[in-house]
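The values are calculated or read from the model by the stated rules, or taken from the named source; none is laboratory data. The model shown is predicted, which means the values in this text are computed figures rather than measured ones. All Cβ positions, even for glycine, are placed from backbone atoms using ideal geometry, and neighbour counts span all protein chains on display.
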Amino acid sequence: MSIIRRPMSLFRPRRGPDQTILRENRALVEEIDRRKLLRGAVSLGAVSMLTGCDIAEQDQVQSVLRTVSSFNDRVQAAMFDPTRLAPTYTAAQVVKPPRFNAYYEIEDVKPLDIGGWKLELAGLVVDKRPWSLQQIYELPEQEEIIKHICVEGWDYIGQWSGPNLRQFLTRVGADLTAKYVAFHGNDDYMESIDMASALHPQTILATKYAGEPITDPYGYPLRLRTAVKLGFKNPKWIRAIEVTNTYQEGFWEKQGFNWFSGL
Amino acid sequence: MNAGNRMHPLIIRVMHWTNAVAMIIMIMSGWKIYNDEVIFGFLHFPDAITLGPWAQHGLQWHFFGMWILVLNGMAYLGYGLASGRFRRLLLPIRLREVIGEAIAALTFRLPHADLTRYNAVQKTLYVGVILIIIVQVISGLAIWKPVQFSFLVALFSDFQGARLAHFLGMTAIVLFLLVHVALALLVPRTILAMLTGGPRIGGDHADAPIPTHSSNM
C-alpha cells in the first residue's frame, strides 16, 4: 500500500481560490454589483446604518455555528465511553511510512533540535521536573496498531508505541480530575483534549513507529497518539504537556474546527 | 373538525419544509466536506453550490443541520406511524401497480385527479427516500463516531465503506429531489397543497389514530 499525494487539501493549500469560477460567472457577479449599487443609491443611509455588511452577517452566522459546535462538544463528551476500545489491526496492515499531515508541506518540516530537548510539564502536576528522551525511553512501552482518521476523510493503519499517557500522568502526580490536557508542539501547534480521552487505555505518548523511532516529519521525538480522536488532535514534536482546568482553543479550533473531535 | 381536515395537516407541512431546509444544508455542506478529500478523482463540487467558504465551515453547517434533520425526522416518523398517515398514504405498495403506473407516468398518461391519494410510483419513491435517509443517518453516525459506533462501521465494511455509503445515499437523495421537484412543478397543485394544506378530506382519511381502517383505498 502506498500513500497517494492528494491534489488539494485544506491542510496543505497549494493554490488560491479558483479564478475560473469568477470568469465563468462574470455576468452574474456584475449583475449582483449593479443591483447592489441601485439598492445602495436608493437607501444609502439606511443600508449603511444597518448591519447590511456581509462581514457582520458572516460573523453572526459563525457565532451561531460555533455555539452549536460547543454544544456538540458536550454531546460528544456524554457519548464517549471511556472503556470502549478502538479496533486494532495486524502488523501486516501497517502503512509505512505513515501519512504526513500538517498545515504545511513535508518539505517545510523543521526538525526539532534534540540537543536541548526535554519534555516540560506544566499546570496541575505535582512533579514538574522535565523528562529527557532517555528517561522516556526507559518507561514501559505500549504498542497500538490503530487507525489514524483525518477530519478530511482519509485514514491509514499505523503502528505506534510509547508510554501509556494515563500511567505517565499518574506517575508525575497530575490531577486526573482536571478537565483538560494540553499538548504544546514545537511549531507553536497546540491542541488540548478532555481528561477522559487522555486517560483512555489507547492513548499513548508515541516515540516509535513500526518499532523504529518516529522520524522527523511524523513528530520526532514525541507525539500524541490516541485512538479516540481525529488526527489533528494528535500533536507532533511535543515540547510540553499541561494539565489544566482552563479551556484553550487549539490551532484548528481557531480556524473553526470542532474541539472535541472524538471518534 | 369533521370533514375539515386538510390532506396535509399543518404539522406535516411544517415538518416537510423544515426537512427541505435541513436537507439542503446537509447536501451542500456535505459537498464542501467531500471536496476536502474526494472519493472519485473526477468529481469535485463547484464552490458555488457548496456551503461554507472552507471545509471547517462545511463541517459546522453539517453538524448543525444534523440536529434539525434528525429531530424533525424523528418527529415525522413518530407522527406518521402514530397517526396512521404512513399506513393510509404509503401502503400497500404492489409491484404490478408500480410497474404499470411507472410506465403511465413516463408517457405522461398518469392521472392526478385525486391529490389525496398517492399512486404506486409516489408511494415507492416516498417510502424509498425515507428508508434511504434512515440509512444515511446510520452511515453518518458511523463516520462521525467510528470508535463509539464501531458496530455501525462494520455494517459498511470499514470507515471508507461508510464514507462511500454516505456518498451514495446523498446521490440517491439528490436524484429523488430532482424527480420530486420536477414532478411537483409539473403538477403545481401539489406544491400549493404542501403550503396551504390541500383539499379537505373525509373524517376517515384524517391523520388520527383510527383503530379500524376504512377500506376505500
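Only one of the numbered conditions (1) assigned to a strand (DSSP E or B); (2) in contact with a helix residue (DSSP H, G or I) (Cβ under 9 Å, 6 or more places away or on another chain); (3) surrounded by fewer than 21 Cβ atoms within 10 Å (Cβ to Cβ) is not met by A:Ser161, and that is (2).
Looking only at residues in the stretch A:223-250 that are within 12 Å of chain B (Cβ to nearest Cβ) and touching a helix residue (DSSP H, G or I) at 6+ places or on another chain (Cβ under 8 Å), which one is surrounded by the most Cβ atoms within 10 Å (Cβ to Cβ)?
The residue in question is A:Val228.
Can you confirm whether the stretch A:104-119 contains a residue that is touching a Phe, Trp or Tyr at 6+ places or on another chain (Cβ under 9 Å), surrounded by fewer than 16 Cβ atoms within 10 Å (Cβ to Cβ) and assigned to a helix (DSSP H, G or I)? Checked against the condition, which is being touching a Phe, Trp or Tyr at 6+ places or on another chain (Cβ under 9 Å), surrounded by fewer than 16 Cβ atoms within 10 Å (Cβ to Cβ) and assigned to a helix (DSSP H, G or I), the stretch A:104-119 yields at least one hit.
I'd like the residue in the stretch B:25-43 that is in a loop (DSSP other than H, G, I, E, B) and out of contact with any Pro (no Cβ under 9 Å at 6 or more places or on another chain) and, out of all such residues, is nearest to the other protein chains (Cβ to nearest Cβ).
Quick first cut of the stretch B:25-43, residues in a loop (DSSP other than H, G, I, E, B) only: B:37-43.
Narrowing the set further to residues that are out of contact with any Pro (no Cβ under 9 Å at 6 or more places or on another chain) leaves B:37, B:39-40, B:42-43.
Working: B:Glu37: 4, B:Ile39: 8, B:Phe40: 12, B:Phe42: 11, B:Leu43: 12 Å.
Ranking the qualifying residues of the stretch B:25-43, first place goes to B:Glu37.
Being modelled with pLDDT under 95 and surrounded by fewer than 21 Cβ atoms within 10 Å (Cβ to Cβ): is that true of B:Gly41 here? Considered against the rule, which asks whether it is modelled with pLDDT under 95 and surrounded by fewer than 21 Cβ atoms within 10 Å (Cβ to Cβ), B:Gly41 comes out as yes. If you go through the stretch A:67-84 and keep only what is more than 8 Å from chain B (Cβ to nearest Cβ) and in a loop (DSSP other than H, G, I, E, B), you end up with A:Pro82, A:Thr83.
A:Cys150 meets the conditions (1) more than 30 Å from B:Lys32 (Cα to Cα); (2) within 18 Å of the chain's Cα centre (by Cα) in every case but one. The failed one is (1). Beta carbons closer than 9 Å, at least 6 apart along the sequence or on distinct chains, pair a first residue in the stretch A:164-186 that is within 14 Å of A:Tyr247 (Cβ to Cβ) with a second that is polar (S, T, N, Q) and assigned to a helix (DSSP H, G or I) for A:Val181/A:Ser197. If you go through the stretch A:216-263, how many residues are farther than 26 Å from A:Asp113 by Cβ, acidic (Asp, Glu) and not in a loop (DSSP other than H, G, I, E, B)? The number of residues fulfilling the criteria is 1. Could you tell me whether any residue of the stretch B:153-174 is farther than 30 Å from B:Phe45 by Cα, within 14 Å of chain A (Cβ to nearest Cβ) and either surrounded by fewer than 16 Cβ atoms within 10 Å (Cβ to Cβ) or in contact with a Leu (Cβ under 8 Å, 6 or more places away or on another chain) (or both)? Within the stretch B:153-174, none of the residues are farther than 30 Å from B:Phe45 by Cα, within 14 Å of chain A (Cβ to nearest Cβ) and either surrounded by fewer than 16 Cβ atoms within 10 Å (Cβ to Cβ) or in contact with a Leu (Cβ under 8 Å, 6 or more places away or on another chain) (or both). Checking each residue in the stretch B:71-90 for being more than 18 Å from the chain's Cα centre (by Cα) and without any contact (Cβ under 8 Å) to a residue 60 or more places away in the chain picks out no residue at all.
Go through A:Glu191, A:Glu143 for me and flag whichever is buried (at least 19 other Cβ atoms within 10 Å of the Cβ), in a strand (DSSP E or B) and charged (D, E, K, R).
Values: A:Glu143 fails: buried (at least 19 other Cβ atoms within 10 Å of the Cβ).
Of A:Glu191, A:Glu143, the one residue that is buried (at least 19 other Cβ atoms within 10 Å of the Cβ), in a strand (DSSP E or B) and charged (D, E, K, R) is A:Glu191.
Within the stretch B:80-90, the set of residues being within 10 Å of B:Val127 (Cα to Cα) and surrounded by fewer than 18 Cβ atoms within 10 Å (Cβ to Cβ) comprises just one member, B:Leu90. Exactly one condition in (1) more than 17 Å from A:Val109 (Cα to Cα); (2) in a strand (DSSP E or B) is not met by A:Ala196; state its number. Every listed condition holds for A:Ala196 apart from (2). Restricting attention to the stretch B:49-62, the residues that are surrounded by fewer than 21 Cβ atoms within 10 Å (Cβ to Cβ) and at the interface with another protein chain (Cβ under 7 Å from one of its Cβ atoms) total 1.
Let me confirm something: among B:Ile103, B:Ile130, B:Ile93, B:Ile68, which residue is without any contact (Cβ under 8 Å) to a residue 60 or more places away in the chain, within 14 Å of chain A (Cβ to nearest Cβ), surrounded by fewer than 18 Cβ atoms within 10 Å (Cβ to Cβ) and among the β-branched types (Val, Ile, Thr)? Show your work before the answer.
Values: B:Ile103 fails: within 14 Å of chain A (Cβ to nearest Cβ); B:Ile130 fails: within 14 Å of chain A (Cβ to nearest Cβ); B:Ile93 fails: within 14 Å of chain A (Cβ to nearest Cβ).
Result: B:Ile68 is the single residue among B:Ile103, B:Ile130, B:Ile93, B:Ile68 that is without any contact (Cβ under 8 Å) to a residue 60 or more places away in the chain, within 14 Å of chain A (Cβ to nearest Cβ), surrounded by fewer than 18 Cβ atoms within 10 Å (Cβ to Cβ) and among the β-branched types (Val, Ile, Thr).
Scanning the stretch B:180-203 for residues that are in a helix (DSSP H, G or I) and surrounded by 14 or more Cβ atoms within 10 Å (Cβ to Cβ) turns up B:His180, B:Leu183, B:Ala184, B:Thr190, B:Ala193, B:Met194.
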